[in-house]
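This report refers to the structure that appears directly beneath it.
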Amino acid sequence: MRIGINALFMIPGGVGGSETYLRNLMTHLGRIDQTNEYVVFTNKESSNTFGLTGSNFREILCPIRAAFRPARVIYEQLFLPLQAKKHDIEVLHSPGYTAPAMVSCLSVVTIYDLNFLRHPEDFSRLSALTLRVLVPLAAKRCDMIITLSKNSMRDIVTALRVPEDKVRVIYPAASESVSAHNGSRVNQVRQRYGIRGKFIFSVAASHPHKNLCRLVEAYHILRKEHSVEHQLVLVGLKGRDHSRLLNLIVELCLEGEVVATGWIPGEHLALLYESADVFVFPSLYEGFGIPVLEAMKHGVPVVSSNASSLPEVAGDATMLVDPYRVPEIAAAIQQVLVDPVLRASLVERGYKQAQKFSWEETARQTLSVYEAAMTSDVGEQII
């Protein structure tokens, strides 16, 4: 079987969780599958960044930049089908929400969530309109949809009006980032980002639905009412809510106490996970929520939103809170900080919960979707 991977959407360090998904999926497909052939269609930004070493993987550089969305969309719709035909692709997997509407091979698309419908404020008008047109079109035209949670599957089936047996839930896992945890390296990273001592940690792009402003308000309560001296460290891409977030930090006189780093390398991220006292993920809507598992894997107690897919990911291993209630977020963080028994319990349960998710299993189930599509047996594969 010759499988195409449509990586035209990929901007290294610029697309958040979908980059984590794509890189880990490709790495583990390479580990479990030496039989099928893979052709990865990359762009000018992502070319030669995947570390493809298997003899059954090869890369085709397409002459576009993902950052220029109109060119990327036109190329994906008009020229990628020609490339797929030229290279005898049998199954084309598009892991970035959109896919060619007309392609001569079988088509699989990963739709992580419907955030463009649920929280359009995260997007420019043009981006939201583009997604409103292309994602339903991809869902209708493709042979199979992969999504990351049962919550997202329900959204997709309901909002995009596709049959349930066309959607396969395949869970991702925590990133496999490895840190060289030694005192001097930790101190270097702390100094680089202005972290003085103990800190509360969150990893999320500063988009409105990530709810970071309410987290800052909860942190303000912790400092004012509970004399908490921890800093709040926010790591993630600068999104459409970034200016409002920075203005709120100034308004609440929290400069230097709240650290917003922007995107950081994976090694630095792992070191910060390992050094944090508590991880907070207050998102209003998620297709999955990989950072929650990453925190668990690194032995950090987690306070998580109870919205959308997050209870599905968290199980019984986090403190779940209503993300719209700032005092509730603050109270949960305070409880974790002051109660060592609770902390130890959350860490232990978190390790166990994170172990339930595996990128190797993600790759195996994804490969089974390709195989099922080839045998026209997709419906019987749904679990």
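So the values come out like this:
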item	result
The chain, Cα convex hull volume normalised per residue, Å³	131
Cα→Cβ-extended label distance, 7 Å offset, between residue 58 and residue 374, nm	1.8
Candidates 245, 78, 25: whichever shows maximal mean-square fluctuation once the chain is modelled as a Gaussian network with Cα springs under 10 Å	78
Projected label distance in nm at residue 44 and residue 243, using a 7 Å step from Cα toward the beta-carbon	2.8
Choice from 302, 108, 73 showing the highest fluctuation, given a GNM over the chain with Cα pairs closer than 10 Å	73
R0 of 30 Å, Cβ-Cβ distance residue 67-residue 267: FRET efficiency to nearest 0.05	0.75
Potential extension, residue 322-residue 344 segment - 0.36 nm per residue separation minus Cα distance	5.6 nm
Burial ordering of 201, 68, fewest other beta-carbon atoms within 10 Å first	68, 201
Virtual spin-label span in nm between residue 102 and residue 274, 7 Å along Cα→Cβ	5.4
Proximal lysines to residue 238, defined as alpha-carbon separation beneath 17 angstrom and excluding residues fewer than eight positions away on the same chain	210
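Read the figures in this text as sums done on the coordinates, not as results from a lab. Every value quoted in this text rests on a predicted model; they were computed, and no experiment measured them. Ideal geometry is used to build each Cβ from the backbone, glycine not excepted, and the neighbour counts take in all protein chains shown.
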